[in-house]
Every structure is written in structure tokens, then in C-alpha cells.
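Reviewing the structure listed below.
The values are calculated or read from the model by the stated rules, or taken from the named source; none is laboratory data. Predicted model, so just to flag it, every value in this text is computed and none were measured. Here Cβ is always computed from backbone atoms with ideal geometry, including for glycine, and neighbour counts include all displayed protein chains.
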Amino acid sequence: MHTPPDQWASDEPIEEEQLDSSQRSVKFWDNISVSGEPPEIAAIYMAPAHLIRRSHQISVALFADELGEYGLTSVQYASLLAIRDHGGIDQRGLGNIVAIDRSTVATMLKGLENKGLVRRLTPPENLRVKQLYITDAGNQLLRKTVEQISRIQQRLLAPLSAEEQDVFMALLSKLVHVNNKFSRVPLKLKMNDSAE
């Protein structure tokens, strides 16, 4: 697993002044932004945002190909892992550590509960909170799909050499971490015990 280097592992936002000149602009787009004219479609195919969107489409397709028989999405899989690792977490805490919004959490949990993979319990000391627990069936599904999850990652990175994979993962991790604050639903790894 890739861990972020110390220089950008902090939760502190990085200000533009902290970036060197090579990090301030996207060289590819400099000429387009200077011209003031919209790019041609061919330019979009090399745009970072477009390539990231396409990578996401490919990742989702690979996930469906490998785990389609279980009717499980990548967000549901991540949520099962989070619920297993943080038994008793509430819906807000789950949304924070998986980076999904509250309405999506509620809908997704209903699906996992209907499949018998998780259960929601209300603790007697706080009736406003639903605590989440993985079921035996949920644990069995996680164990049964270990090879498929590994294969998804391998298939996605297969076009890259081992060295390129390391560089790609380091840069992608940095890109996501540093830009987390711009997400509609930022990842928050600190547990939030507040009630729903």
C-alpha cells in the first residue's frame, strides 16, 4: 500500500505560495488559457480532469466485471470494510471515512442491509444514532472477493511497468490528498462521534 510522503501527508491545506512555479500551472493548458479561446476537442482528450474521469469509468467497469455477480459497487465495498474495521460507527462517521454524502450513505446502507451484509442498531443511550455492524454474511463476502479486488487493481495498472505504477500511485495519492478540500464530500479520517 502506498503511504503519502511527509511533505504532503499533513491535513493542513497547501497554499499556492508553497508550490514551486512548476506546480502552479498546468503546462498543457497555459497556451489555451492565454489565447482566451475554448480548446478543441482533441485538447480535452489530454486534459487532466478528462483523463481522471475516463480512469474512473474504466475502474468502475473493471469493478463491475469482477464483482458484478455480487451486485456490489466500489463504494459499497469500501463501506463494508469501514464498517468491519470500525464496528458501531454511525452513518455520519461512515460518510466521513469513505467520503460519501449523507443521502448516498442512507441509500447505500439500505441496500447493504437488504442484502443482509450489515445491520443497524440503535443504542439505548442515544436513540438518535444508528450504529453500523457488519454481519457474518458481510464478512464472508469480503473474504470471498479478495482475489477479485486484487485483480481489479492489477488490471487497472497493468499497462504500467512496476516502476511506473509506483510513480503513478505516489502522484495520484498526492493529487487526491492535496485537493481533498475541493471535494464535494472531503475525506475525513478522524472519527466523528456526533449524532445524526
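Observations
- Complete set of residues in the stretch 106-143 that are in contact with a Lys or Arg (Cβ under 8 Å, 6 or more places away or on another chain) and of a type outside the set (D, E, K, R): 109, 121, 122, 131, 132, 133, 134, 135, 137, 138, 139, 142
- Filtered residues of the stretch 33-56 (kept if part of a helix (DSSP H, G or I) and over 27 Å from residue 150 (Cβ atoms)): 33, 34, 35, 41, 42, 43, 44, 48, 49, 50
- Residue 181 meets all of the listed conditions (1) out of contact with any Pro (no Cβ under 7 Å at 6 or more places or on another chain); (2) in contact (Cβ under 8 Å) with a residue 24 or more places away in the chain but one, namely (1).
- Yes/no for residue 59 being assigned to a helix (DSSP H, G or I), among the hydroxyl-bearing types (Ser, Thr, Tyr) and at pLDDT 85 or above: yes
- Applying the condition of being in a loop (DSSP other than H, G, I, E, B) and at pLDDT 95 or above to the stretch 108-158 and asking which residue is surrounded by the most Cβ atoms within 10 Å (Cβ to Cβ) yields 117.
- Inside the stretch 159-182, residues that are surrounded by 13 or more Cβ atoms within 10 Å (Cβ to Cβ) and outside any helix (DSSP H, G or I) make up a count of 1.
- Looking only at the stretch 69-103, residues that are over 17 Å from residue 137 (Cα atoms), part of a helix (DSSP H, G or I) and either of a type outside the set (S, T, N, Q) or without any contact (Cβ under 8 Å) to a residue 60 or more places away in the chain (or both) come to 10 in all.
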